[in-house]
Amino acid sequence: MTEAQTPVRVAEPRLRQTGIGINYLGFTGSMGLAALGDASWYIALTWTLARNVSPAVEGSLLALASLPRMVALLGGGLLAARRGPRRVMVVSDLLRCLVMLAAAGMITLTSPSVPLLFVAAVLVALLSAFFIPASGAVKPLLLDDQDQVRGNALYILGLRGGQAVGGPLGAWLMGVGGVALVALVDAVGYACSAAASWRVRYRRQPPSVAVTERPRFGAQLAQGLCYLRFERGVLLAVLLIALTEVACAAPVNLGLVLLSHRLHSGAGGAGLLLTAYTLGAVASSGLALALPPLRRGGPALIIDTAVAGGCLLGAGLLHSLGPVLALYAVLGLVTGQSGVILVSLTQRLTPGAFRARVMTVLSLVVYASAPLANLLFGLLAAALGLPGTMAVFGCLAFAATVIVAVTPRLRATRLG
């Protein structure tokens, strides 16, 4: 009997008024630790690339490093459905830990060269393709239906909290011990995440079928895509997530490094910009946890995407670190809220039997959008300069505003 077939129901202490269990809190805390290491490593990676290659080459390398993840995501959710999401999470975390330990050792013996960092980034991205849909599928198994919105908000709170600390921590570790120390901290974060994931206990049984009745991977994937094709509500939510990711991912991933160069603030400035963004997202998650947007999802999406576009336009025009930090904090606030709304809507509209497959498609769209945006951002930055590039991505966010406003089903989004 596989993990996915074991019927379980856990009685656990629950936080008053929220319905969130201690089991789920431990899960989100472990994700926060892993996110802390990821943010530290990303600062080290992008800063090293920015010092050695042009913006166009940097964007191309970041895009290429994500290609294996996009391909592997096609089977990541299906593997989670077959073997159990908890097991897939633990194995992928342990393998990522080993990759970062090996990277730390190689950097110590040689130097933080661009090829070495690129290989490490490719391997981590490949293993993430199995972790991401598994973690997305396991979250609903830890909560009752009425707690899903608050649970998503708390999950994002843990992730963004880790990223908020990881940005300046990565810049500080770069100054203390270089890239090798950052890789070591990332490995510790993955190890902690694996340990916490192993301790997770389901509140409900994962949907599964008998081993002898399981269709092939191709048939399962086709079923998931067919469902998404005919369920317009889920399809619209996925497409809107893709557009907002394209608009905001590159200004946060690559843009903050280029902005720190332009503002003469060094690696510390890049870390502060990432921290400002994630603190805004943390505030958004806390707000959604206390006051979930159950009946105002549509209007909130319109406001969030419009404000995001304005923040991107403004960040490209300002020449002082303080105001840009404020804009990035607001950007994190509005993108965090729109993300909670759209992911919760997708989960709410998707039956349990298709949830892992839909999360696979959603993850594929998200992680295809980010490298595409990085590549486009790098090319536009070389051709138009940073202000013009930020303006283009701001207009993409405004396009998302228009789509929500003119689509009745999105405009009337309600989550409760």
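Taking packing as the residue-averaged number of other Cβ atoms within 10 angstrom, the listed peptides 192-198, 253-259 run from highest to lowest as 253-259, 192-198. Among 126-137, 310-321, the peptide with the highest mean count of other Cβ atoms within 10 Å heads the list, and the full ranking is 126-137, 310-321. Highest mean packing first, where packing is the average number of other Cβ atoms within 10 Å per residue, the peptides 95-101, 329-335, 377-383 line up as 329-335, 95-101, 377-383. Taking the fewest neighbouring Cβ atoms within 10 Å as the starting point, the ordered list for Asp38, Asp186, Asp144 is Asp144, Asp38, Asp186.
Loop-located trypsin sites (Lys or Arg not before Pro) in region 288-348 (DSSP state other than H, G, I, E, B) with a sparse environment of at most 16 neighbouring Cβ atoms within 10 Å: Arg295, Arg296.
Annotation: the residues Val340, Val138, Val122, Val404, sorted from fewest to most other C-beta atoms within 10 Å of their own C-beta, follow the order Val122, Val138, Val404, Val340.
Only the coordinates and a few stated rules stand behind these numbers; no lab work does. What you are looking at is a predicted structure, and each value in this text was computed from that prediction instead of being measured. Using ideal geometry, Cβ is built from the backbone for each residue, glycine included, and neighbour counts are taken over all protein chains shown.
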